[in-house]
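**Q** So that we are looking at the same thing, I have put the structure below in structure tokens.
We did not get these values from a lab; they are worked out from the coordinates using the rules stated. Note that the structure is predicted; figures quoted are calculated from it, not measured. Cβ placement follows ideal geometry from the backbone for every residue including glycine, while neighbour counts extend to all protein chains displayed.
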Amino acid sequence: MQTRDSDFLVIGSGLAGLTAALRLSAHGKVLLACKRKADEGNTRYAQGGISCVMNSDDSLDEHVSDTLRAGGCLSEESAVRTIVGGGPAQIAELEKLGIQFAHRADKPEEYDLGREGGHSHRRVLHAGDVTGKALIEGLLAHAQADPNITLAENWLAIDVVTTGWIGLPGKNRCVGGYFLDKTSGEILAVRSPATVLATGGLGKVYLYTSNPDVATGDGVAMAWRAGLPVRDMELIQFHPTCLYHPDAKSFLISEAVRGEGGRLIDRRGHEFVYDFDERGALAPRDITARAIDSVMKKQGDPFVYLDISHRDADYLQTRFPTLYSTCLNFGFDMALAPVPVVPAAHYSCGGVIADVDGRTEMPGLYAIGEVASTGLHGANRLASNSLLEACVCAHRCAEAIAQAWKNNPVADIAIPRWEYGDAVSSEEAVLVEHNWNEVRSVMWDYVGIMRSDRRLQRARRRIHTIREEIRHYYKEYLVTSDLIELRNLAAVAELIVRSAQHRKESRGLHYNEDWPEMSATAKHTIIHDKPGGPLQS
Ligand code: FAD
Ligand code: SIN
């Protein structure tokens, strides 16, 4: 087994990973690993944009209070203040790197700020409806040109390596990670004093999701196996409006469409969200998604409608070119008629506990972006706050690492060879696929927008059995990328179910019919198990 050395190891090349890598390259060599092509991840698909206070009629205090209000009393105010306050400087950094945000046609000196649910002001900077693509392409070009950054595509991180797992004395610390090089099929190790988890989200744990295939919760599963605490895993955000079409793979229709006057209506044309919240279609997402779910169930309809047909085709083609043309390709002209939409799993508000500088409780291991739980989102993320968090925390994390990495020496540590044991090549790919589908269906059916004690118990039993089977494959067969991802997906499913069972109330994104009230005191759900390590499934 090959062991490589790098001053910094960044796992994941979304907005968080790229930002950290670009900042760290001023201090040493960076190995930036990602499990598929470098541009693939949730960031690439971001539409609405980045929330940031850019207008004099808006204020940081108002952005903070909107975030706290959406977060159902579970956000940490100091984290919110730091991240919201760090926004303007990071927007300036992005612009220095060549990212262009849209400006108003009538007043070109001003940004064209979008509006989304739960925001009291227009404050979402965007690049049309392809903000994420603009960010990734812009930052990736810089990373590719940077001589201090080595980009390793198709490297799937299997687990982080810790001194405790190796059996070394002293405080448990992280010294690198194991990877499957998907091109050669080899397993290799990277040794590094600073490992950054920037692995993004976990939407694929649900049958219907806006997330791309890479979002299998690997970072949360790795950190949990390494013995780190994970927090608020039950708080899964369902985006209210994904296109309903058998071939659309839950294509997202940005909340910005509602910000420009899009209405949510049922099949009779009734604007039902006002029955649930006076802010109507621009209420925070937990409320709109639940309203849609409840109307669909009550009326027995498989979808509701998003109607922006009061805007003409010219406007829609200019403001939402990708959305407009994608809907048209599926047979829906947004300028002429309402479009069928359904909620789908979108964002994980919980994750690996980390501070706003990405520090976890383990020296040498950092977590930034969607994988981290910094306290910003509380029980429900305010729209467009996650790109903000990714760039602010990645920047701060790079600064924190620059100060601390030399305190975690790794040169003398021998990373054990990967133990193949008696593993044989798997002929059982069909079983992996079956379990993969089953995890996602169980989660959708029993741990979705509306939960109950009985459904959660049923999900817990099924996921437990599936994890037993995975444990067996993992011991008996050579690891494949599908098996590694299934192992993570099932681990994360279990963490979500356990956390949901733990929360005996309804708050923000977590709604349990058996516990419909919100308790007087807001508490985090924290799962902190004993470390397992690379060979534990
Ligand atoms: P990602 O961008 O998801 O990157 C994760 C990286 O980790 C990828 O490179 C992936 O390959 C890699 N990776 C994962 N596991 C491994 C592993 N085991 N080994 C190696 N590499 C690994 N938020 C907003 O604020 N505004 C928006 O407008 C917005 N729109 C969205 C639209 C869609 C359709 C989606 C899905 C999300 C949207 N979000 C939006 C959320 C936001 O895009 C994400 O939360 C954010 O981009 C996450 O960035 P990240 O860098 O943490 O992760
Ligand atoms: C959207 O454009 O609706 C997504 C915004 C977000 O997830 O923050």
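**Q** Normalised radius of gyration for the chain, please: alpha carbon Rg relative to 2.2 N^0.38 Å, two decimal places. Kindly include the intermediate steps, with their values, before the conclusion.
**A** Values: Rg = 22.3 Å, N = 537, 2.2 N^0.38 = 24.0 Å.
Working it through for the chain, the quotient is 0.93.
**Q** Just in the stretch 266-363: which GluC sites (Glu not before Pro) are loop by DSSP and have at most 11 other Cβ atoms within 10 Å? Could the numbers behind the result be given before it?
**A** On the way: sites: GLU271, GLU278, GLU361; in loops: GLU271, GLU278, GLU361.
Sites meeting the loop and neighbour criteria: GLU278.
**Q** Using every pair of alpha-carbon atoms in the stretch 487-537, split the distances into 10 Å bins beginning at 0 and state the percent of pairs per bin, rounded to integers.
**A** In whole percents, the pair-distance histogram is 21, 45, 22, 11, 0.
**Q** Where the centroid of each part is defined by its Cα atoms, how far is the stretch 177-233 from the stretch 74-148 in Å?
**A** Using only Cα atoms, the two centres lie 26 Å from each other.
**Q** Using the structure shown, list the pairs from LYS35/LYS475; LYS133/LYS249; LYS133/LYS204; LYS96/LYS133; LYS96/LYS406 with a Cα-Cα distance above 27 Å, or answer none. Don't jump to the answer; show the numbers that get you there.
**A** Numbers: LYS35/LYS475 22 Å; LYS133/LYS249 18 Å; LYS133/LYS204 20 Å; LYS96/LYS133 17 Å; LYS96/LYS406 30 Å.
Among LYS35/LYS475; LYS133/LYS249; LYS133/LYS204; LYS96/LYS133; LYS96/LYS406, the Cα-Cα distance tops 27 Å for LYS96/LYS406.
**Q** As an exercise, find the ratio Rg/Rh for the stretch 21-75 from alpha-carbon atoms, using the Kirkwood inverse-distance average for Rh.
**A** Here Rg/Rh amounts to 1.14.
**Q** Binning every alpha carbon pair distance of the stretch 155-195 at 10 Å from zero, what are the percents per bin?
**A** It works out to 31, 46, 20, 3, in whole percents.
**Q** Sticking with this one: Semi-axes, largest first, in whole Å: what does sqrt of 5 times each Cα gyration tensor eigenvalue give for the stretch 1-160? Numbers along the way, then the final one.
**A** Values: eigenvalues 201, 71, 40 Å².
Whole-Å semi-axes of the equivalent ellipsoid: 32, 19, 14.
**Q** Please report how far the C-alpha centroid of the stretch 281-348 lies from that of the stretch 435-511, rounded to the nearest whole angstrom.
**A** When both Cα centres are located, 29 Å separates them.
**Q** I'd like the projected area of the stretch 173-306, averaged over all directions, using the convex hull of its alpha carbons. Report it in nm² with one decimal.
**A** 11.6
**Q** Just flag the trypsin sites (Lys or Arg not before Pro) in the stretch 370-413 sitting in loop per DSSP whose Cβ has no more than 12 other Cβ atoms within 10 Å.
**A** When the trypsin sites (Lys or Arg not before Pro) of the stretch 370-413 are filtered for loop state and at most 12 Cβ neighbours within 10 Å, nothing remains.
**Q** If eta is 0.890 mPa s and T is 25 °C, what Stokes-Einstein diffusion coefficient results for the stretch 325-404, Kirkwood Rh from Cα pairs, in µm²/s?
**A** Details: Rh = 14.9 Å.
Stokes-Einstein gives a translational diffusion coefficient of 165 µm²/s.
**Q** Which Rg and Dmax, in Å, describe the Cα atoms of the stretch 280-359?
**A** Taking only Cα atoms of the stretch 280-359, I get Rg and Dmax of 16.8, 50 Å.
**Q** How would you rank LEU336, LEU140, going from fewest to most other Cβ atoms within 10 Å of each one's own Cβ?
**A** Sorted ascending by nearby Cβ count, the order is LEU336, LEU140.
**Q** Additional query: In debye, nearest 20, what is the charge dipole magnitude of the chain about its Cα centre with +1 on Lys and Arg Cβ and -1 on Asp and Glu Cβ, if you could check?
**A** 1000
**Q** Place the peptides 488-500, 305-317 in order of packing, highest mean first, counting for every residue the other Cβ atoms within 10 Å and averaging per peptide.
**A** Packing proxy ranking, top to bottom: 488-500, 305-317.
**Q** Do any trypsin sites (Lys or Arg not before Pro) in the stretch 150-253 lie in a DSSP loop with no more than 12 other beta carbon atoms within 10 Å, and if so, which?
**A** Details: sites: LYS171, ARG173, LYS182, ARG191, LYS204, ARG225, ARG231, LYS249; in loops: LYS171, ARG173, LYS182, LYS249.
Here the sparse-neighbourhood loop sites are LYS171.
**Q** May I pose another question? Arrange MET222, MET362, MET1 by Cβ neighbour counts within 10 Å, fewest through most, would you?
**A** Fewest-to-most ranking of MET222, MET362, MET1: MET1, MET362, MET222.
**Q** Return the Rg/Rh ratio of the stretch 115-198 with Cα-based radii and a Kirkwood Rh. Before the final figure, lay out the partial values.
**A** On the way: Rg = 19.1 Å, Rh = 16.5 Å.
That ratio is 1.16, to two decimals.
**Q** Related question: Calculate for the chain the 222 nm mean residue ellipticity that helices alone would give, adding -39,500 (n - 2.57) per DSSP H run of length 4 or more and normalising by residue count, nearest 500 deg cm²/dmol. Write out the running numbers ahead of the final one.
**A** Working: 14 runs with 188 residues, N = 537.
Result for the chain, helices only: -11000 deg cm²/dmol.
**Q** Indicate the helices, whole DSSP H runs only, in the chain that combine a mean Kyte-Doolittle hydropathy of -1.0 or more with a Cα extent along their long axis of 27 angstrom or more.
**A** 77-96, 385-404, 481-502
**Q** Under unit Cβ charges (Lys, Arg +1; Asp, Glu -1), what dipole magnitude, rounded to 20 debye, does the stretch 32-190 have relative to its Cα centre?
**A** On the way: 16 positive and 23 negative charges, 101 e Å.
Magnitude of the dipole: close to 480 debye.
**Q** Let me ask something else about it. Would you kindly state how much longer the chain becomes between SER78 and GLU399 on full extension, computed as 0.36 nm times their sequence separation minus their alpha carbon distance, in nm to one decimal?
**A** Stretched out fully, the SER78 to GLU399 stretch lengthens by 113.7 nm.
**Q** On the principal axes of its Cα set, how long, how wide and how thick is the stretch 418-537? Give whole Å, largest value first.
**A** The principal-axis extents, from largest down, are 53, 28, 19 Å.
**Q** Further question: Over the stretch 349-458, what portion of Cα pair distances is larger than 21 Å, expressed as a whole percent?
**A** 63
**Q** If you don't mind, another one. Applying 1/(1 + (r/R0)^6) with R0 = 35 Å to the Cβ-Cβ distance of THR318 and SER59, what FRET efficiency is obtained, to the nearest 0.05?
**A** 0.75
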